[in-house]
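Asks: I am attaching a structure below and will ask some questions about it afterwards.
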Amino acid sequence: MRTHDLIIIGTGSGNSLIGPEHDDLDIAIIERGVFGGTCLNVGCIPSKMLVYPAELAELAATTGPRLGVDTRFHHADWPAIRDRVFQRIDSIASGGQHYRECLEHVTVYPHDARFVGPKQVQVGGEVITAHQIVIAAGARPQIPDIAGLAETGFHTSDTIMRVDELPERLAIVGGGFIAAEMGSVFGGLGSNVTFIVRGDRMLSSEDHDISEAATRSYQARHDVRLGTTIERLERAGAETVVHLHGGEQLTVDALLIATGRVPNTDQLDLAAHGYQLNDAGYLRTDAYLATDVEGVWALGDITNPVQLKHVANHEARVVRHNLSHPDDRQQVDHRFIPHAVFGHPQVASVGLTERQAQARNIAYVTVTQPYGSAAYGWAMEDTTSFCKLLADPETRLLLGAHLIGPQASTLIQQLIQGMAFGQTVDEMASGQYYIHPALSEVVEQALLAL
């Protein structure tokens, strides 16, 4: 059994752990797929590279004519759009693997990993061990139990972005951020999209006002079936027939399953070897990202249900430090984790929603400021976008911020920074200039209204 100094399982944020301070270590990297992990290959990066042309198509079809500009959307050259994305991404992934393989102190194992002991990992036909191990093996799409699903065939976020043709009719099962983003992409580029949503709203984990506004927006542009589930699926030639509970049928050209993601702990067989998992299957770590097994750390989607790249990157920085500084370890800081949904419209959020504040009996004041109240929003003739803030009436600290509309993912950044540095809403509102007439004045006005 070969012994390394460090084993890293997964090459998403785990690949960023290796720095000059580790040049004297014998390092093993285990990656069963392509280098770069979810974000680079099947997540954040390709999806946003598709979001951008879809936004251009949406603006050409709707916004331009409304503002007196003679723009139209005729069609999308899907193979050209797809190839632009993956020709760039695939070269990065292959280049990253080649770079690691060329390092004398790094051994790349292109295999599945499975624990056969607390610190023994089977890769291919051998077992390896190490003094320290970092588990960064990510998550995978959750596949619901639907009769006929396996036989009919379906896509997940891992495959839908690489299809050969733009589907004329696309059914999406789910109403979360993956469903919203992919629906916006394919709908914007010309597909007829039907959302099959079990709940009563799109983006139901968002603040209620945000999710209601998002639902109205998606209903205005797509076929959104709320409170709906699938009874069974069947194949009819090149088409998929979706039998909904209640007797209704849909015939589509492609089916996307977007019902969430599950951690890969079961595939590593962690529970059998002393690792503690929670009820949802996530690997338990302490504040330093150490597991229950001495010398083993974990980060990213396999340990954190907040499956966001910026969270995994933060955790990777903490683990990288702790690997080299055992007597001066750092803790993770998950106080103010923001997120964004890059659909149409954009959504961004940080902190408590109003219902969470109510459920925890936290006193709050709130304000909702429409984009149209600011000069730039008024110039855009925006009548649906808004910024919603919640603050503590005593401390004047911001409890939560929620935006829906253009540039939401950018506009929220100042609010995240203010929360992280402990600024009051009054300090955020009046402690600096706001460029007039930039859209950021919506944030200023909301803060002043609190």
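Asks: In Å and on Cα atoms, what radius of gyration and Dmax does the chain show?
Replies: 23.6, 71
Asks: When the helices in the chain are scored as -39500 (n - 2.57) per DSSP H run of 4 or longer and the sum is shared across all residues, what 222 nm value do you end up with, to the nearest 500 deg cm²/dmol? Don't skip to the end; give the middle numbers.
Replies: Numbers: 14 runs with 134 residues, N = 450.
Calculated at 222 nm, the ellipticity per residue is -8500 deg cm²/dmol.
Asks: Along region 372-379, what does the Karplus equation 6.51 cos²θ - 1.76 cosθ + 1.60 (θ = phi - 60°) give for ³J(HN,Hα), rounded to whole Hz, x for Gly and Pro?
Replies: Running phi through 6.51 cos²θ - 1.76 cosθ + 1.60 with θ = phi - 60° gives x, 6, 8, 4, 5, x, 5, 5 Hz.
Asks: Quick one: which of 243-251, 129-137, 65-73 comes out on top by average Cβ neighbours within 10 Å, and what's the full order, highest first? Mind dumping the intermediate values first?
Replies: Values: 243-251: 12.1, 129-137: 24.0, 65-73: 10.6.
Sorting 243-251, 129-137, 65-73 by mean packing, highest first, produces 129-137, 243-251, 65-73.
Asks: Return the long-range amide H neighbours of GLY148 (sequence gap of 5 or more, or a different chain), with a cut-off of under 5 Å between placed amide H atoms.
Replies: Here the answer is LEU233, since their amide H atoms fall under 5 Å of that of GLY148.
Asks: Can you give the percent of C-alpha pairs in region 27-125 whose distance is more than 24 Å?
Replies: Numbers: 2332 of 4851 pairs.
Everything past 24 Å amounts to 48 percent.
Asks: Now for a separate question. For the chain, what relative contact order do you get, as a whole percent, if you take Cα pairs closer than 8 Å and at least 6 residues apart?
Replies: Numbers: 901 pairs, mean separation 62.3, N = 450.
About 14 percent, as a whole number.
Asks: May I pose another question? Specify the inter-centroid distance of region 254-314 and region 153-223, based on alpha-carbon positions, in whole Å.
Replies: One Cα centre to the other: 26 Å.
Asks: Now for a different question. Using Cα pairs under 8 angstrom and six or more residues apart, how large is the relative contact order of region 345-449, in percent? Let's see the in-between values first.
Replies: On the way: 190 pairs, mean separation 33.6, N = 105.
Answer for region 345-449 is 32 percent.
Asks: Right, another one. Post the alpha-carbon centroid distance, region 398-450 to region 1-65, in whole angstrom.
Replies: Using only Cα atoms, the two centres lie 30 Å from each other.
Asks: For region 262-305, what does the alpha-carbon gyration tensor say about shape, rounded, prolate or oblate, given a ≥ b ≥ c as the root eigenvalues, a/c under 1.5 as rounded, and a/b over b/c as prolate?
Replies: It is oblate, given that a/c is not under 1.5 and a/b is not larger than b/c.
Asks: Which value, in Å³ per residue, describes the convex hull spanned by the Cα atoms of region 303-450? Write down the numbers at each step before the final one.
Replies: Numbers: hull volume 20.4 nm³, N = 148.
So the per-residue Cα hull volume is 138 Å³.
Asks: Using the 2.2 N^0.38 Å rule of thumb for compact globular proteins, work out how region 149-259 stacks up: its C-alpha Rg over that value, please.
Replies: On the way: Rg = 13.3 Å, N = 111, 2.2 N^0.38 = 13.2 Å.
So region 149-259 has a normalised radius of gyration of 1.01.
Asks: Of ASP24, ASP392, ASP164, which has the largest mean-square fluctuation in a 10 Å C-alpha GNM of the chain?
Replies: Its mean-square fluctuation being the largest, the pick is ASP24.
Asks: Per residue of region 288-297, in order, report the coupling 6.51 cos²θ - 1.76 cosθ + 1.60 (Karplus, θ = phi - 60°) as ³J(HN,Hα) in whole Hz, putting x for Gly and Pro.
Replies: Taking θ as phi minus 60°, the curve returns 9, 6, 8, 8, 6, 9, 4, x, 10, 10 Hz for region 288-297.
Asks: Any chance you could list the semi-axes, whole Å, largest first, of the equivalent ellipsoid that the Cα gyration tensor gives for region 335-401, using √(5λ)? If you can, show how the numbers build up before the last one.
Replies: Details: eigenvalues 124, 45, 18 Å².
Semi-axis lengths for region 335-401 are 25, 15, 9 Å.
Asks: Taking the Cα centre of region 149-259 as origin, sum charge times position over the Cβ atoms of Lys and Arg (+1) and Asp and Glu (-1), and report the length of that vector in debye to the nearest 20.
Replies: On the way: 9 positive and 17 negative charges, 19 e Å.
For region 149-259, the charge dipole is close to 100 debye.
Asks: Nothing charged except the Cβ atoms of Lys and Arg (+1) and of Asp and Glu (-1): what's the magnitude of the dipole of the chain about its Cα centre? Round to the nearest 20 debye. Please list the in-between numbers first.
Replies: On the way: 32 positive and 54 negative charges, 93 e Å.
The dipole of the chain has a size of about 440 debye.
Asks: On to the next question. Just checking the chain: which Cys have no other cysteine's beta-carbon under 4.7 Å?
Replies: Those would be CYS102, CYS387, since no other cysteine Cβ in the chain comes under 4.7 Å of theirs.
Asks: Another question, then. Within region 376-450, report the chymotrypsin sites (Phe, Trp or Tyr not before Pro) that DSSP leaves as loop and that have at most 12 other Cβ atoms within 10 Å.
Replies: On the way: sites: TYR376, TRP378, PHE386, PHE421, TYR433, TYR434; in loops: PHE421, TYR433, TYR434.
Passing sites in region 376-450 are PHE421, TYR433.
Asks: Once you order the gyration tensor axes a ≥ b ≥ c over the Cα atoms, which shape class does region 323-368 get: rounded for a/c under 1.5, otherwise prolate or oblate by comparing a/b with b/c? Working shown, then result.
Replies: Numbers: a/c = 4.34, a/b = 1.63, b/c = 2.67.
It is oblate, given that a/c is not under 1.5 and a/b is not larger than b/c.
Asks: In addition: So how far apart, in nm, are the two label points at ASP24 and HIS208 if each is 7 Å from Cα heading toward Cβ?
Replies: With each label placed 7 Å out from Cα toward Cβ, I get 6.0 nm.
Asks: Taking amide H positions as placed 1.01 Å from N in the peptide plane, with prolines and chain starts having none, which residues 5 or more places from VAL134, or on another chain, fall under 5 Å of its amide H?
Replies: ILE7, ILE8, ILE9, TRP297
Asks: Who wins for biggest fluctuation among SER94, SER13, SER349 in a Gaussian network model of the chain, springs between alpha carbons below 10 Å?
Replies: Highest fluctuation among the options: SER94.
Asks: List, largest first, the extents of the alpha carbons of region 93-196 along their principal axes, each in whole Å.
Replies: Its Cα atoms span 52, 33, 24 Å along the three principal axes.
Asks: Specify which residue in the list ALA214, PHE186, THR228 is farthest towards the positive end of the charge dipole of region 183-234, using unit charges on the beta carbon of Lys, Arg (+1) and Asp, Glu (-1), about the Cα centre.
Replies: Result: PHE186, furthest along the dipole toward the positive end.
Asks: Still on this structure, I have one more. Given the options ASN41, ASN15, ASN278, state which has the largest fluctuation in a GNM of the chain using a 10 Å cut-off (strictly under) for Cα springs.
Replies: Evaluated over the chain, the most mobile residue of the options is ASN278.
Asks: Per-residue HN-Hα couplings for region 6-20, Karplus 6.51 cos²θ - 1.76 cosθ + 1.60 at θ = phi - 60°, whole Hz, x for Gly and Pro?
Replies: Once θ is set to phi - 60°, the couplings for region 6-20 become 8, 10, 10, 9, x, 10, x, 5, x, 5, 7, 5, 7, x, x Hz.
Just so you know, all these numbers are worked out from the coordinates, no wet-lab data involved. Keep in mind the model is a prediction, meaning the values are calculated, not measured. Neighbour counts are summed over all protein chains in view; Cβ atoms, including those assigned to glycine, are modelled from backbone coordinates with ideal geometry.
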